[in-house]
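Everything on this sheet refers to the single structure shown next.
The values are calculated or read from the model by the stated rules, or taken from the named source; none is laboratory data. Quick caveat: nothing in here was measured; it's all calculated off a predicted structure. Cβ placement follows ideal geometry from the backbone for every residue including glycine, while neighbour counts extend to all protein chains displayed. For the accessible areas, the whole protein counts, side chains as well, though only heavy atoms, and no ligand, DNA or RNA atoms are used. Shrake-Rupley method; radii C 1.70, N 1.55, O 1.52, S 1.80 Å.
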Amino acid sequence: MRVPSYRKHAASGQAVVTIAGRDRYLGKWDSAESRKEYGRLIAEFFSNPNSFLASPEQRTVSELILAYLNHCQTYYGVGEKTETHRIKVPLKAVRKLYGSTVAIDFGPIQFKAVGDYILEGKNHKDGFKPSRTYVNSIMRRIRRMFRWASGEGLLPASVHLSLADVQPLRAGRTTARETEPVRPVSDELVEATLPHLPPVIADMARLQMVIGCRPGELCAIKPSMVERSEAVWEIHLGKHKTAHRGKQRTIYVGPKGQAILNPYLDRDPDMFCFRPRDSIRRRRTEHRKTPLNQGNAVGRSNTPRKTSRTIGESYTTRSYGHAVMRACKKGGLDHWHPNQIRHSVATKVRKAYGIETASVILGHSEVGVTQIYAESDRARAVAATKEML
């Protein structure tokens, strides 16, 4: 959470701090008394941020948004993949339309108006056409903020309950664009794309073809996660899509996958297996014309490379997908997305071993399954992985 700054109010010569969207004057600028008052307010703010909000009858939507963002930063984190990052777009529309509105007056009419604003694409750059599912996801996030405020005692429950009665956009009954379902990609198309991919990403695609994991799970693999004591390796992910629901995610790696993954395990246990810097190093080495025993060593140059790009410690779902898109364009192939590989593996495993085994291999098992059934499912998954993958 950002610390509100101690500032000078030029017109009055007083010290001021802005907390929860309101200026609070502290006394003479740079005086001991003003510094002491500033410290007291900051301590109280971090102890209970919501105590600085106005009463429910006076609290504006902008104040509610600020309190919710502070909660999201603590609860979800601040990374690009977190809910904090995703919620900023919806709240931008709410604040623009109804920021000064008293929060208890925000009802179904205002909620629908925000939905229409987003549906028309006014919250994005020109040319963006939101899909029906996208608009519904945005509206769920906005409704979640009011539900949180109700649970925190910041708003009466009636506000959230009134929004809950608003129906989402239904297929065929709206002008919103419909998205195409994610379909499997053929092995032939993936194989044709591999020669046009950087070596590391090509191995990522090959590995995903035999373990069926999510693209984000593939990018997150580290040597410390891989248990290699048995014939079928197990990758135990700490952070994954459904970890907050108490689920455990295990990825099973058979002989084919082991041959692909093994070269990437010879590194620091807590280092990512698939890193952009490794791909860049391999590409520069392969295209190097000067013999290795002459000139600058690989990765070192007397003339620094001018680039605005920052090389990350691991690939992300976005960079992985963009690499596939560029490779398809380079090879003149139909575009596909890494998540389609997962659907292909699901189709194969489900057809050969049934939906129960496929659900375990793909991480779709339900929360609350008894230990007996979990162990039985694990045995089926291991057997299928050893034989098929």
_For segment 47-150, alpha-carbon Rg over 2.2 N^0.38 Å_ = 1.08
_So for each of 74-85, 313-324, 107-118 I average, over its residues, the number of other beta carbons within 10 Å; can you give me the resulting order with the highest mean first?_
313-324, 107-118, 74-85
_Amide proton proximity set for R249, modelled H, under 5 Å, gap of 5+_ = L237
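Once neighbouring chains are kept in place and the probe is 1.4 Å, which whole percent of the accessible area of segment 154-238 is contributed by carbon and sulfur?
52
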